[in-house]
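Undergrad: Take this structure first; my questions come after.
The values are calculated or read from the model by the stated rules, or taken from the named source; none is laboratory data. Values in this document were obtained by computation on a predicted structure and should not be read as measured data. Ideal geometry is used to build each Cβ from the backbone, glycine not excepted, and the neighbour counts take in all protein chains shown. Heavy atoms of the whole protein, side chains included, go into the accessibility calculation; ligands, DNA and RNA do not. Shrake-Rupley method; radii C 1.70, N 1.55, O 1.52, S 1.80 Å.
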Amino acid sequence: MTPADLALQAALITTLRADADLAAIVAGRVYDHVPDREVFPYVSAKVGPSQPWNTAEAYGKEIAVELYAWTQERGRAQA
């Protein structure tokens, strides 16, 4: 991961943990690395890999972000 990817990862985790609606469900259990035997429900987030791109007029980087909602409830309601 590049420093920019790491900064985005940290900002993503911080933002998700600060969300009051999400906190009411997962009680702060938002991770980039899930601890062993974690209690459900929780959210995990992953940034990367990044792919640079450019055109004749601009350049940038495309970064993949993956969010996972983990629950033992049936269906998608809680997730």
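Undergrad: Take the residues in the range 1-14 that are loosely packed, with under 12 Cβ neighbours inside 10 Å and not small (Gly, Ala, Ser); name whichever of them is nearest to the chain's Cα centre (by Cα).
TA: Top of the filtered list is 14.
Undergrad: Any chance the range 15-36 includes a residue that's more than 16 Å from the chain's Cα centre (by Cα), open to solvent by 80 Å² or more (accessible area, probe 1.4 Å) and either at pLDDT below 90 or small (Gly, Ala, Ser) (or both)?
TA: Among the residues of the range 15-36, at least one is more than 16 Å from the chain's Cα centre (by Cα), open to solvent by 80 Å² or more (accessible area, probe 1.4 Å) and either at pLDDT below 90 or small (Gly, Ala, Ser) (or both), which makes the answer yes.
Undergrad: For the range 1-51, name all the residues that are among the hydroxyl-bearing types (Ser, Thr, Tyr) and in a helix (DSSP H, G or I).
TA: Taking the range 1-51 as the starting set, the residues that turn out to be among the hydroxyl-bearing types (Ser, Thr, Tyr) are 2, 14-15, 31, 42, 44, 50.
Hits for the range 1-51 are 14, 15.
Undergrad: From the list 57, 66, which one is on the phi < 0 side of the Ramachandran plot and either open to solvent by less than 50 Å² (accessible area, probe 1.4 Å) or in a strand (DSSP E or B) (or both)? I'd like the intermediate steps shown before the answer.
TA: Details: 57 fails: either open to solvent by less than 50 Å² (accessible area, probe 1.4 Å) or in a strand (DSSP E or B) (or both).
Matching residue, one of 57, 66: 66.
Okay, residues lined up against (1) in contact (Cβ under 8 Å) with a residue 40 or more places away in the chain; (2) under 25 Å from residue 3 (Cβ atoms):
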site: 18; (1), (2): no, yes
site: 21; (1), (2): no, no
site: 30; (1), (2): no, yes
site: 41; (1), (2): no, no
site: 47; (1), (2): yes, yes
site: 53; (1), (2): no, yes
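Undergrad: Give the number of residues within the range 41-54 that are modelled with pLDDT of 95 or more and either open to solvent by 70 Å² or more (accessible area, probe 1.4 Å) or under 20 Å from residue 9 (Cα atoms) (or both).
TA: Within the range 41-54, residues that are modelled with pLDDT of 95 or more and either open to solvent by 70 Å² or more (accessible area, probe 1.4 Å) or under 20 Å from residue 9 (Cα atoms) (or both) number 3.
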